[in-house]
Amino acid sequence: MKAAVITYPGTSGGQTSRDLLEKLGFEVDMVKSSDRLDQDLDLLLLADGSAYGGAVRPGAIASLDPISQDIKDFADQGKVVIGLGNGFQILTELNLLPGYFMKNPNLSYISKMVKVETKPDYLVTDHNPIDLFISNKQASYRLSDQDLSQLEANDQVLMTYQDDETNSSHAIAGVTNKENNVFGLMPLLDRHQDKDITSDLGLRLTRDILKEKGLV
């Protein structure tokens, strides 16, 4: 299987995202946002890390880059796209996922381990809730009443915060699109791939997502 990690000016999570996918058996290309996308791929991962410094809105400038249409075309083919942290924000700016992001309460930068509940019978681990790392100043994920109702009706919510410090709609920490091929998660799964450092929960959760899609 072949994957690409998409990086933008300011992206800091490119290498850890690459390591994550390589541990799952993927051949991984690092692709800059100024490049065009090779469509002979099975998976795209938009890494975390303040693309363009989060100027204007996180992901807003990134969405104007040449690679954006390629990402949309890739998703429209039903192929899997994952966005972690800032990558999730970029996916909302590309209108591949609903909603938008605002600054955290009190304009606080939240960089810590948080407890999240994963979707029942999906992304299964040994226990729930689980501890995952988030690091973002604008992690407050907001949805209109209509989008929120559709997400919940279509079972598109992947995970929620147990104690939500971000003031996200219904404490949502991760979602998928209606077609279930575009995934956005604020917890940084790439920081959880080694039990000797943090945990291997990110590796296991990513494997569960991709296993359902037949990619591992």
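The values are calculated or read from the model by the stated rules, or taken from the named source; none is laboratory data. In this text, all values refer to a predicted model and were calculated from it rather than measured experimentally. Cβ placement follows ideal geometry from the backbone for every residue including glycine, while neighbour counts extend to all protein chains displayed. Quick note on the areas: whole protein, heavy atoms, side chains included, nothing else; ligands and nucleic acids left out. Shrake-Rupley method; radii C 1.70, N 1.55, O 1.52, S 1.80 Å.
Rolling a 1.4 angstrom probe over the range 2-212 with all protein chains present gives an accessible area of which 44% lies on carbon and sulfur atoms. Taking springs between alpha-carbon atoms closer than 10 angstrom, which of Pro129, Pro120, Pro98 fluctuates most in the Gaussian network model of the chain? Per the Cα network of the chain with a 10 Å cutoff, Pro120 tops the list. With a cut-off of 8 Å between alpha carbons and a minimum separation of six or more residues, what is the relative contact order of the chain in percent? Reported as a whole number, the value is 19 percent.
Between Asp40 and Ser108, what is the FRET efficiency for a Förster distance of 30 Å, r being their Cβ-Cβ separation, to the nearest 0.05? The pair Asp40/Ser108 has a calculated efficiency of 0.10. Ellipsoid fit via the Cα gyration tensor, the chain: semi-axes of 22, 20, 18 Å, each the root of five times an eigenvalue, largest first. Solvent exposure of the range 2-212 amounts to 44 Å² per residue of accessible area, where only protein heavy atoms count and the probe is 1.4 Å. Straight-line cross-link partners of Lys79 among the lysines, defined as a Cα under 23 Å from its Cα and at least 8 positions apart when in the same chain: Lys2, Lys23, Lys32, Lys119, Lys178, Lys211, Lys213. Using the Cβ-Cβ distance between Lys2 and Asp200 with R0 set to 25 Å, the FRET efficiency from 1/(1 + (r/R0)^6) comes to roughly 0.60. Among the chymotrypsin sites (Phe, Trp or Tyr not before Pro) in the range 119-190, those located in a DSSP loop and surrounded by at most 15 other Cβ atoms within 10 Å of their own Cβ are Tyr122.
Between the range 128-153 and the range 48-91, what's the alpha-carbon centroid distance in Å? Distance between centres, Cα-based: 17 Å. Cross-link reach is defined here as a Cα-Cα straight distance under 15 Å, omitting same-chain residues fewer than 8 places apart; for Lys195 the aspartates and glutamates meeting it are Asp19, Asp126, Asp131. Where both residues lie in the chain, what percent of DSSP beta bridges are antiparallel, nearest 5? Around 50 percent of the beta bridges assigned by DSSP in the chain are antiparallel ones.
In the chain, the calculated helix contribution to ellipticity at 222 nm averages -6500 deg cm²/dmol per residue, counting -39,500 (n - 2.57) for every DSSP H run with n ≥ 4.
Here Lys137 is the anchor, and the aspartates and glutamates within straight C-alpha reach of less than 18 Å, apart from those fewer than 8 places off in the same chain, are Asp48, Glu93, Asp163, Asp164, Glu165.
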